[in-house]
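These notes are about the structure you will find just below.
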Amino acid sequence: MSYSNPVSTPTRFAQSPAAPAAADDRIYAFTRITTALTIPFLLIAFYILYFRTSETGTLFSWNIAAPMSAIMLSAAYLGGTYYFIRVLFERRWHRVALGFVPVAAFSLVLGISTLLHLNVFNRNLPFYTWAFLYATTQFIFFGVWLHNRRADPGTPEVRDFVYPMWVRVLLGVAGLANMVLCLALLINPNLIIAGWPWALTPLTGRAIASLFAFQSLFLFNMARDPRWSSVKLVVEVLWLGILAMATGIVRTWSSFDPSRSSTWIFVIVVALVVIGLPIVYVAMERKVRRMARAI
């Protein structure tokens, strides 16, 4: 799929050519219904994991002893809540399309983790809800993406920016790094646990692997689709999740091991993303506005 500018101008705006009738860029009703049904579960999970962190033994599917592990998971649920709320009110499919496969990957990894550690889970309502959701949602969200993807015309908006290949390469490399960490935690978490910034169990290690699956698929999608209009929401979701992690570091600092280099690597990476993403976002928005004035 080509995203090159068909207009011979010095800008990176693209005047979208006529697309097939089916590619009307609309969000189908099934997509909106699925989204609306998902939001309450995400909100509840975020509330419990972020605000009732010490009560996961009774309110959640299993007892998460390390508070930062709970907050890490809550960050994904916060980002997911924001993403799906935006899907409900968005009119153009391509602006939200890049999130569904990452959400499916997140669900798949949590489903695998659940099967590998069934003996650790509580036998309560949260667990049975959890088990049902992560046995089904990876198929549902992947199916939603397959169903709605035909609506994407595959062209930039009239006022859009297509970022260059070197940016796409960097995004792909970052996605690959996240995927390697995801697979390492999923396949043999004990190899990673020993050097992790805070205490992990094999289950929490594998649960956190779902975050890296989520992020890696986001980054791969951003590398695949270089339209700023497509990735703008992705950037917002990633930043919101990382911001929740940053506040979690402050709240749970006593659970970190400052003698480990991984602690400082984690803190520095989170800080750089929290500071850097808004700078990139503002720069891109200014570029789009500046180019709009030039048309």
Does L171 satisfy being open to solvent by less than 40 Å² (accessible area, probe 1.4 Å) and either part of a helix (DSSP H, G or I) or within 23 Å of W228 (Cα to Cα) (or both)? yes
Can you tell me which residue is surrounded by the fewest Cβ atoms within 10 Å (Cβ to Cβ) among those in region 206-232 that are more than 18 Å from S113 (Cα to Cα) and of a type in the set (K, R)? R224
Taking T114 and the conditions (1) closer than 21 Å to F220 by Cβ; (2) out of contact with any Ser or Thr (no Cβ under 6 Å at 6 or more places or on another chain); (3) open to solvent by less than 30 Å² (accessible area, probe 1.4 Å), which numbered condition does it fall short on, given that it satisfies the others? (1)
Scan region 131-165 for residues that are within 26 Å of R293 (Cα to Cα) and part of a helix (DSSP H, G or I) and report the count. 1
Given the residues P197, P189, which is the only one that is touching a strand residue (DSSP E or B) at 6+ places or on another chain (Cβ under 6 Å) and not acidic (D, E)? P197
Pairs where the first residue, in region 84-101, is touching a residue at least 40 places away in the same chain (Cβ under 8 Å) and the second is open to solvent by less than 10 Å² (accessible area, probe 1.4 Å) and acidic (D, E), C-beta under 9 Å, 6+ apart: H94/D225; A97/D225; L98/D225
Taking region 63-75 and keeping only residues that are touching a residue at least 40 places away in the same chain (Cβ under 8 Å) and either open to solvent by less than 10 Å² (accessible area, probe 1.4 Å) or in a loop (DSSP other than H, G, I, E, B) (or both), one is left with N63, I64, A65, A66, M68, S69, I71, M72, L73, S74, A75
Could we say that V235 is touching a Leu at 6+ places or on another chain (Cβ under 7 Å), at pLDDT below 95 and buried (at least 17 other Cβ atoms within 10 Å of the Cβ) here? yes
Starting from region 270-295, take each residue that is open to solvent by 40 Å² or more (accessible area, probe 1.4 Å) and list its partners that are not in a helix (DSSP H, G or I), counting only C-beta distances under 7 angstrom and pairs at least six apart or across chains. K287/F161; A294/T11; I295/F13
Could you list, in sequence order, all residues of region 238-269 that are in a helix (DSSP H, G or I), of a type in the set (A, V, I, L, M, F, W, C) and surrounded by 14 or more Cβ atoms within 10 Å (Cβ to Cβ)? L238, W239, L240, I242, L243, A244, M245, A246, I249, F266, V267
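The values are calculated or read from the model by the stated rules, or taken from the named source; none is laboratory data. If you're wondering where the values come from, they're calculated on a predicted model, not measured in any experiment. For neighbour counting, all protein chains shown are included, and Cβ atoms are generated from backbone atoms with ideal geometry for every residue, glycine included. Side chains are part of the model used for accessible areas, which takes the heavy atoms of the whole protein and leaves out ligands, DNA and RNA. Shrake-Rupley method; radii C 1.70, N 1.55, O 1.52, S 1.80 Å.
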